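FYI, it's all coordinate maths here, none of it is from the lab. Source: prediction; values computed, not measured. Cβ atoms come from the backbone with ideal geometry, glycine included; neighbour counts cover every protein chain shown.
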Amino acid sequence: MQDNDYLTTAEVCAYLRLKERTIYDLVARKAIPCSRATGKLLFPRHLIDRWVEANLDMQDPRLLAPPPIVAGSSDPLLEWALRESGSGLATLSEGSEAGLRRFSGGAALAAGLHIYGGAEGRYNVSAVRAVASVVDLVLIGWAEREQGLVVARGNPHRLAELRDVAKTQARVIRRQAGSGAQILFDDLAKHAGLAPGDFTAAGGTALTEADVAAAVADGAADCGLAIGAVARRFGLDFVPLQKERFDIACRRRSYFEPPLQRLFAFARSEAFRAKAEALGAYDLAVTGQVQYNA
């Protein structure tokens, strides 16, 4: 403990630029953190700093510390690593675009993204360049994944591409608008000369990769676009269509703080590599690499 960890009344007056009378009034109303353990008033500096921040009068929530949440797209390897690494971070799977909006609004520490870049071909970069509210945004590579059609075991409809899905009228479970999988599905369909009306939709919407596989496994859908890892987990077959990159968007300062440092340190471990291999359809060549730096 350092001497300046606790402030005297005179020091806290100077620190906050308040008169002693104001400080004593705050103490009497128990409106400011202080201690009488030594027989005189002492003010823990770190609690005084928190007290000032807690009483900020501001309209822009982005200036406050974001909650310890990784929003955005679902990823089985990420969800497992967040728990096993002791990062203290929670997940909120709501789709890539929704997660990016939540992050840029200061309501999440980071966001998991796999937003297809179209003709540019670079995943996530075009999407984060449009986020003008975060000037220190970085993209850190998490993994490359195989994205494709999850189908029943034996692939009974003999699906090899999206044209086959339309031709056979196989029931396809859609993802929510703004999810990375649905953005990719719509782009692949467009390049195949297919319109939304060419597909037979299964009932409902899958909100995560696992929801797609569950719908196929339960017979509620014949196919859906998801990653190979969830097909393997549910004992289903998989038709790969495209390799994609899944990134973590965060602020530069957040990357160097303990939660994300613990996560990416764990991502360099043998346990992490073994889990990725067990899940299947992951390539870790990009893990931890800076993909974009604003």
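Key figures for this structure:
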read-out	value
Nearest-ten-degree value, helix 45-54 long axis tilted from longest Cα axis of the chain	60 degrees
Helix-only mean residue ellipticity at 222 nm for the chain, each DSSP H run of n ≥ 4 adding -39500 (n - 2.57), per residue, nearest 500	-10000 deg cm²/dmol
Share antiparallel - DSSP beta bridges, the range 62-294, percent rounded to 5	70 percent
Excluding exposed DSSP-loop trypsin sites (Lys or Arg not before Pro) (at most 10 other C-beta within 10 Å), longest clean stretch of the chain	41-294
Most fluctuating residue given options Ala14, Ala181, Ala206, as computed from a GNM of the chain linking Cα atoms under 10 Å	Ala14
³J(HN,Hα), Karplus 6.51/-1.76/1.60, whole Hz, each residue of the range 80-95, x for Gly, Pro	5, 5, 4, 6, 5, 7, x, 5, x, 9, 9, 10, 9, 7, 9, x
With eigenvalues of the C-alpha gyration tensor scaled by 5 and rooted, the chain, Å	49, 19, 17
Residues whose placed amide H lies under 5 Å from that of Ala143, excluding near-sequence neighbours	Phe246
Quotient of C-alpha Rg and 2.2 N^0.38 Å, computed over the range 3-57	1.04
Candidates Asp211, Asp237, Asp49, ranked by Gaussian network fluctuation over the chain, Cα under 10 Å, top entry	Asp49
Rounded tilt (10° steps) of 180-191 against the dominant C-alpha axis of the chain	40 degrees
